[in-house]
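Undergrad: Handing you a structure now.
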Amino acid sequence: ETGVTQSPTHLIKTRGQQVTLRCSSQSGHNTVSWYQQALGQGPQFIFQYYREEENGRGNFPPRFSGLQFPNYSSELNVNALELDDSALYLCASSLAGGGTNEKLFFGSGTQLSVL
Amino acid sequence: GENVEQHPSTLSVQEGDSAVIKCTYSDSASNYFPWYKQELGKRPQLIIDIRSNVGEKKDQRIAVTLNKTAKHFSLHITETQPEDSAVYFCVSRAGSYQLTFGKGTKLSVIP
(Lines give C-alpha, C1' and ligand atoms only; values in the text may rest on other atoms or scores of the structure.)
Protein backbone atom coordinates (compact mmCIF):
# COMPACT_ATOMS: atom_id res chain seq x y z
CA GLU A 1 0.00 0.00 0.00
CA THR A 2 1.53 3.30 -1.09
CA GLY A 3 0.95 6.49 0.87
CA VAL A 4 -0.01 9.98 -0.30
CA THR A 5 2.80 11.68 -2.19
CA GLN A 6 3.09 15.34 -3.12
CA SER A 7 5.39 17.24 -5.43
CA PRO A 8 7.33 19.41 -5.32
CA THR A 9 8.31 19.53 -1.65
CA HIS A 10 9.36 23.17 -1.80
CA LEU A 11 8.62 25.96 -4.27
CA ILE A 12 9.50 29.64 -4.51
CA LYS A 13 7.43 31.94 -6.70
CA THR A 14 7.00 35.67 -7.12
CA ARG A 15 3.80 37.64 -6.69
CA GLY A 16 1.50 37.41 -9.71
CA GLN A 17 2.85 34.08 -10.95
CA GLN A 18 0.91 30.85 -11.27
CA VAL A 19 1.72 27.54 -9.58
CA THR A 20 0.64 23.90 -9.93
CA LEU A 21 0.99 21.43 -7.09
CA ARG A 22 0.57 17.69 -7.55
CA CYS A 23 -0.73 14.86 -5.40
CA SER A 24 -0.93 11.10 -5.80
CA SER A 25 -3.55 9.55 -3.59
CA GLN A 26 -3.07 6.48 -1.44
CA SER A 27 -3.71 3.22 -3.23
CA GLY A 28 -7.43 2.38 -3.20
CA HIS A 29 -8.55 5.91 -2.30
CA ASN A 30 -10.97 7.76 -4.56
CA THR A 31 -11.25 11.18 -2.93
CA VAL A 32 -8.68 13.96 -2.66
CA SER A 33 -8.89 17.07 -0.49
CA TRP A 34 -6.57 20.04 -0.42
CA TYR A 35 -5.73 22.10 2.66
CA GLN A 36 -3.72 25.27 3.24
CA GLN A 37 -1.72 25.44 6.47
CA ALA A 38 -0.27 28.82 7.39
CA LEU A 39 2.59 28.89 9.88
CA GLY A 40 1.34 28.15 13.39
CA GLN A 41 -2.23 27.49 12.26
CA GLY A 42 -4.41 24.49 11.62
CA PRO A 43 -5.04 23.32 8.05
CA GLN A 44 -7.86 25.11 6.23
CA PHE A 45 -10.05 23.27 3.73
CA ILE A 46 -9.68 24.48 0.14
CA PHE A 47 -11.71 21.93 -1.81
CA GLN A 48 -12.36 18.25 -2.36
CA TYR A 49 -12.54 16.13 -5.52
CA TYR A 50 -14.56 12.95 -5.87
CA ARG A 51 -14.96 11.08 -9.14
CA GLU A 52 -13.07 13.83 -10.97
CA GLU A 53 -15.49 16.55 -9.86
CA GLU A 54 -15.25 19.21 -7.18
CA ASN A 55 -17.84 18.28 -4.56
CA GLY A 56 -17.01 20.75 -1.81
CA ARG A 57 -15.20 24.05 -1.44
CA GLY A 58 -14.01 26.14 1.46
CA ASN A 59 -13.69 29.91 1.67
CA PHE A 60 -11.06 30.35 -1.04
CA PRO A 61 -11.29 32.59 -4.15
CA PRO A 62 -11.72 31.20 -7.69
CA ARG A 63 -8.02 31.67 -8.45
CA PHE A 64 -7.59 28.45 -6.46
CA SER A 65 -8.66 25.65 -8.78
CA GLY A 66 -8.05 21.96 -9.12
CA LEU A 67 -8.34 18.78 -11.10
CA GLN A 68 -8.70 15.10 -10.35
CA PHE A 69 -7.60 12.54 -12.90
CA PRO A 70 -9.03 9.07 -13.64
CA ASN A 71 -6.28 7.48 -11.51
CA TYR A 72 -7.49 9.70 -8.61
CA SER A 73 -4.34 11.84 -8.57
CA SER A 74 -4.96 15.57 -8.31
CA GLU A 75 -3.57 19.01 -9.02
CA LEU A 76 -4.00 22.29 -7.20
CA ASN A 77 -3.56 25.41 -9.31
CA VAL A 78 -3.20 28.90 -7.90
CA ASN A 79 -3.24 31.91 -10.22
CA ALA A 80 -2.11 35.47 -9.56
CA LEU A 81 -0.13 34.49 -6.48
CA GLU A 82 -0.26 36.82 -3.49
CA LEU A 83 2.16 37.09 -0.58
CA ASP A 84 -0.48 35.61 1.76
CA ASP A 85 -0.55 32.44 -0.33
CA SER A 86 2.75 31.47 1.29
CA ALA A 87 1.92 28.34 3.26
CA LEU A 88 2.20 24.57 3.46
CA TYR A 89 -0.27 22.97 1.04
CA LEU A 90 -1.43 19.57 2.15
CA CYS A 91 -3.17 16.97 0.08
CA ALA A 92 -5.23 14.28 1.78
CA SER A 93 -6.82 11.20 0.31
CA SER A 94 -9.64 9.05 1.58
CA LEU A 95 -12.02 6.33 0.52
CA ALA A 96 -15.51 7.71 0.23
CA GLY A 97 -18.83 6.41 -0.91
CA GLY A 98 -21.53 8.77 -2.05
CA GLY A 99 -19.30 11.73 -1.32
CA THR A 100 -19.03 11.09 2.41
CA ASN A 101 -15.50 11.72 3.60
CA GLU A 102 -14.02 9.30 6.06
CA LYS A 103 -10.51 9.05 7.48
CA LEU A 104 -8.04 11.36 5.78
CA PHE A 105 -4.46 10.38 5.10
CA PHE A 106 -2.20 13.37 4.47
CA GLY A 107 0.81 13.83 2.26
CA SER A 108 3.93 15.60 3.52
CA GLY A 109 2.92 18.81 1.79
CA THR A 110 4.38 21.40 -0.54
CA GLN A 111 5.91 24.43 1.12
CA LEU A 112 5.13 27.42 -1.10
CA SER A 113 6.91 30.72 -0.61
CA VAL A 114 5.69 33.77 -2.52
CA LEU A 115 8.16 36.65 -2.69
CA GLY B 1 -19.73 27.90 8.87
CA GLU B 2 -18.32 25.62 11.52
CA ASN B 3 -15.97 27.11 14.12
CA VAL B 4 -13.66 25.01 16.29
CA GLU B 5 -11.99 26.49 19.37
CA GLN B 6 -9.08 24.60 20.93
CA HIS B 7 -7.39 25.08 24.32
CA PRO B 8 -4.73 25.38 25.49
CA SER B 9 -2.48 26.57 22.68
CA THR B 10 0.59 25.25 24.50
CA LEU B 11 0.88 22.56 27.16
CA SER B 12 3.93 21.31 29.05
CA VAL B 13 3.78 18.19 31.20
CA GLN B 14 6.27 16.01 32.98
CA GLU B 15 6.89 12.59 31.50
CA GLY B 16 4.39 10.13 32.97
CA ASP B 17 1.76 12.77 33.72
CA SER B 18 -1.54 13.13 31.85
CA ALA B 19 -2.37 15.75 29.23
CA VAL B 20 -5.83 17.03 28.37
CA ILE B 21 -6.78 19.13 25.34
CA LYS B 22 -10.26 20.59 25.05
CA CYS B 23 -12.25 21.74 22.05
CA THR B 24 -15.64 23.24 21.33
CA TYR B 25 -17.52 23.34 18.07
CA SER B 26 -20.37 25.50 16.85
CA ASP B 27 -22.38 23.47 14.33
CA SER B 28 -24.84 21.11 15.99
CA ALA B 29 -24.89 19.06 12.77
CA SER B 30 -21.23 18.05 13.24
CA ASN B 31 -21.04 14.27 13.35
CA TYR B 32 -17.40 13.22 13.16
CA PHE B 33 -14.50 14.31 15.35
CA PRO B 34 -10.98 13.12 14.49
CA TRP B 35 -7.77 14.15 16.21
CA TYR B 36 -4.54 14.64 14.31
CA LYS B 37 -0.96 14.73 15.56
CA GLN B 38 1.64 16.71 13.64
CA GLU B 39 5.30 16.39 14.54
CA LEU B 40 7.63 19.18 13.53
CA GLY B 41 8.09 19.23 9.76
CA LYS B 42 5.88 16.18 9.21
CA ARG B 43 2.41 15.44 7.92
CA PRO B 44 -0.67 15.40 10.19
CA GLN B 45 -1.50 11.84 11.23
CA LEU B 46 -4.83 10.58 12.49
CA ILE B 47 -4.48 9.23 16.02
CA ILE B 48 -8.08 8.64 17.05
CA ASP B 49 -11.59 9.60 15.99
CA ILE B 50 -15.09 9.51 17.42
CA ARG B 51 -18.52 9.72 15.89
CA SER B 52 -21.46 11.62 17.27
CA ASN B 53 -23.33 8.49 18.36
CA VAL B 54 -20.53 7.59 20.78
CA GLY B 55 -19.63 9.39 24.02
CA GLU B 56 -16.17 7.99 24.63
CA LYS B 57 -13.49 6.00 22.85
CA LYS B 58 -10.17 4.69 24.09
CA ASP B 59 -7.08 3.37 22.33
CA GLN B 60 -4.27 2.38 24.71
CA ARG B 61 -3.01 5.63 26.31
CA ILE B 62 -5.30 7.89 24.29
CA ALA B 63 -8.97 8.56 24.94
CA VAL B 64 -11.51 10.98 23.51
CA THR B 65 -14.77 12.13 25.03
CA LEU B 66 -17.67 13.88 23.34
CA ASN B 67 -20.48 15.89 24.91
CA LYS B 68 -22.91 16.66 22.10
CA THR B 69 -25.21 18.74 24.29
CA ALA B 70 -22.42 21.09 25.29
CA LYS B 71 -20.63 20.75 21.93
CA HIS B 72 -17.39 19.83 23.70
CA PHE B 73 -14.87 17.15 22.92
CA SER B 74 -11.57 16.36 24.57
CA LEU B 75 -8.38 14.38 24.08
CA HIS B 76 -6.79 12.66 27.06
CA ILE B 77 -3.27 11.24 26.94
CA THR B 78 -2.13 9.23 29.96
CA GLU B 79 1.40 8.24 30.96
CA THR B 80 2.89 10.76 28.53
CA GLN B 81 6.20 9.99 26.86
CA PRO B 82 8.70 12.29 25.10
CA GLU B 83 7.56 10.94 21.72
CA ASP B 84 4.10 12.36 22.45
CA SER B 85 5.59 15.85 21.97
CA ALA B 86 3.89 17.35 18.90
CA VAL B 87 1.10 19.67 17.82
CA TYR B 88 -2.35 18.15 18.24
CA PHE B 89 -5.36 19.31 16.24
CA CYS B 90 -8.99 18.69 17.08
CA VAL B 91 -11.23 18.55 14.05
CA SER B 92 -14.94 18.48 13.36
CA ARG B 93 -16.99 17.58 10.32
CA ALA B 94 -20.39 19.06 9.63
CA GLY B 95 -21.89 17.70 6.46
CA SER B 96 -20.26 15.13 4.23
CA TYR B 97 -16.84 16.44 3.43
CA GLN B 98 -15.38 19.59 4.98
CA LEU B 99 -13.16 19.11 8.02
CA THR B 100 -12.64 22.16 10.23
CA PHE B 101 -9.43 22.16 12.25
CA GLY B 102 -8.72 23.88 15.54
CA LYS B 103 -5.62 26.04 15.76
CA GLY B 104 -3.63 23.33 17.48
CA THR B 105 -2.06 22.60 20.86
CA LYS B 106 1.69 22.31 21.11
CA LEU B 107 2.36 19.57 23.65
CA SER B 108 5.81 19.32 25.21
CA VAL B 109 6.62 16.31 27.38
CA ILE B 110 9.56 17.03 29.63
CA PRO B 111 11.75 13.98 30.42
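The values are calculated or read from the model by the stated rules, or taken from the named source; none is laboratory data. From a predicted model like this one, the values you see are computed outputs, not experimental measurements. Methodologically, a virtual Cβ is constructed for each residue, glycine included, from the backbone with ideal geometry; neighbour enumeration extends over all protein chains shown. In case anyone asks, the SASA skips ligands and DNA or RNA and just uses the protein heavy atoms, side chains included. Shrake-Rupley method; radii C 1.70, N 1.55, O 1.52, S 1.80 Å.
Undergrad: At 1.4 Å probe radius, can you tell me the per residue accessible area of segment B:59-111 in Å²?
TA: Numbers: 2350 Å² over 53 residues.
Value for segment B:59-111: 44 Å² per residue.
Undergrad: Rounded, prolate or oblate, given the Cα gyration tensor of chain B, with a/c below 1.5 counting as rounded? Please list the in-between numbers first.
TA: Values: a/c = 1.98, a/b = 1.62, b/c = 1.22.
Here chain B falls in the prolate category.
Undergrad: As a test of reading the structure, rank A:ARG63, B:ARG51, B:ARG93 by solvent-accessible area (1.4 Å probe, protein chains only), most first. All intermediate terms of the calculation are to be shown ahead of the outcome.
TA: Values: A:ARG63 45, B:ARG51 90, B:ARG93 10 Å².
I get B:ARG51, A:ARG63, B:ARG93, largest accessible area first.
Undergrad: Give the carbon-plus-sulfur fraction of the accessible surface of segment B:1-65 in %, rounded to a whole number; probe 1.4 Å, heavy atoms of protein chains only. Show your work: numbers first, answer last.
TA: Working: 1590 of 3650 Å².
Of the solvent-accessible surface of segment B:1-65, carbon and sulfur hold 44 percent.
Undergrad: Compute the orientation-averaged projected area for segment A:26-114 from the convex hull of its Cα atoms and round it to one decimal in nm².
TA: Working: hull surface 22.7 nm².
The number I arrive at for segment A:26-114 is 5.7 nm².
Undergrad: Residue-wise, which Karplus ³J(HN,Hα) couplings in Hz belong to segment B:52-64, taking 6.51 cos²θ - 1.76 cosθ + 1.60, θ = phi - 60°, and x for glycine or proline?
TA: 5, 8, 10, x, 7, 8, 10, 9, 6, 8, 10, 9, 10
Undergrad: Let me know the charge dipole size of chain B about its Cα centre in debye, to the nearest 20, where only the beta-carbon of Lys, Arg (+1) and Asp, Glu (-1) is charged.
TA: 300 debye
Undergrad: For chain A, what relative contact order do you get, as a whole percent, if you take Cα pairs closer than 8 Å and at least 6 residues apart? Walk me through the numbers on the way to the answer.
TA: On the way: 304 pairs, mean separation 41.5, N = 115.
Dividing the mean separation by the residue count of chain A yields 36 percent.
Undergrad: Would you mind counting up the charge near A:ARG15? Only other residues with Cβ under 14 Å from its Cβ, with Lys and Arg at +1 and Asp and Glu at -1.
TA: Details: positive: A:LYS13, A:ARG63; negative: A:GLU82, A:ASP84, A:ASP85.
Charge balance near A:ARG15 sits at -1.
Undergrad: Positive end of the dipole of chain B, charges at C-beta (+1 Lys, Arg; -1 Asp, Glu), about the Cα centre: which of B:SER30, B:LEU66, B:HIS7 has its Cα farthest in that direction?
TA: Final value for the positive-end residue is B:SER30.
Undergrad: Also, I was wondering about something else. As a test of reading the structure, rank B:ASP17, A:ASP84 by solvent-accessible area (1.4 Å probe, protein chains only), most first. Write down the numbers at each step before the final one.
TA: Values: B:ASP17 80, A:ASP84 130 Å².
Sorted descending by solvent-accessible area, the residues read A:ASP84, B:ASP17.
Undergrad: Could you give each residue of segment B:65-75 its phi-based ³J(HN,Hα) in whole Hz, using Karplus coefficients 6.51, -1.76, 1.60 with θ = phi - 60°, and x for Gly or Pro?
TA: Karplus-based 3J(HN,Hα) across segment B:65-75 equals 10, 9, 10, 5, 4, 8, 6, 10, 9, 9, 10 Hz.
Undergrad: Calculate, for chain A, the solvent-accessible area per residue in square angstrom, rolling a 1.4 angstrom probe over the heavy atoms of the protein chains.
TA: Details: 5380 Å² over 115 residues.
Value returned for chain A: 47 Å² of accessible area per residue.
Undergrad: Quick one: check the C-alpha center-to-center distance for segment A:1-45 versus segment B:71-111, whole angstrom.
TA: 21 Å
Undergrad: Determine the percent antiparallel among the DSSP beta bridges restricted to chain A, to the nearest 5. Each step should come with its number before you reach the end.
TA: Values: 36 of 40 bridges.
The answer is about 90 percent antiparallel.
Undergrad: Which of A:GLN111, A:HIS10, A:ALA80 sits closest to the plus end of the dipole of the protein assembly as shown, meaning its Cα is farthest towards the positive end, when Lys and Arg get +1 and Asp and Glu get -1 on the C-beta?
TA: Positive-most Cα among the choices belongs to A:ALA80.
Undergrad: Then there's this: Taking θ as phi - 60°, what are the ³J(HN,Hα) couplings along segment A:10-22 by the Karplus curve (6.51, -1.76, 1.60), each to the nearest whole Hz, with x for Gly and Pro?
TA: 9, 8, 10, 10, 9, 3, x, 6, 10, 9, 10, 10, 10
Undergrad: Note down the magnitude of the dipole of the protein assembly as shown about its Cα centre, charges +1 on Lys and Arg C-beta and -1 on Asp and Glu C-beta and zero elsewhere, to the nearest 20 debye. Kindly include the intermediate steps, with their values, before the conclusion.
TA: Working: 20 positive and 21 negative charges, 42 e Å.
For this selection, approximately 200 debye.
Undergrad: Of the listed pairs A:LYS103/B:LYS57; A:LYS103/B:LYS103; B:LYS58/B:LYS106, which have alpha-carbon separations greater than 23 Å here?
TA: none
Undergrad: What does the charge dipole of chain A about its Cα centre add up to, to the nearest 20 debye, if the Cβ of each Lys and Arg holds +1 and the Cβ of each Asp and Glu holds -1? Display every interim value, and only then the final one.
TA: Working: 7 positive and 9 negative charges, 30 e Å.
With only Lys, Arg, Asp and Glu charged at Cβ, the dipole is about 140 debye.
Undergrad: Sticking with this one: Pairs to check: A:LYS13/B:LYS22; B:LYS42/B:LYS68; B:LYS37/B:LYS68. Give those whose C-alpha atoms are more than 29 Å from each other in this structure.
TA: Working: A:LYS13/B:LYS22 38 Å; B:LYS42/B:LYS68 32 Å; B:LYS37/B:LYS68 23 Å.
Going by Cα-Cα distance, A:LYS13/B:LYS22; B:LYS42/B:LYS68 fall outside the 29 Å limit.
Undergrad: Okay, next question. For the protein assembly as shown, divide the Cα radius of gyration by the Kirkwood radius and give the resulting Rg/Rh value with two decimals.
TA: Numbers: Rg = 17.5 Å, Rh = 18.0 Å.
Radius of gyration relative to Kirkwood radius: 0.97.
Undergrad: Interface B/A, total buried accessible area with a 1.4 Å probe, nearest 100 Å²?
TA: Details: alone 6460 and 6200 Å², together 10980 Å².
So the total buried area for this chain pair works out to about 1700 Å².
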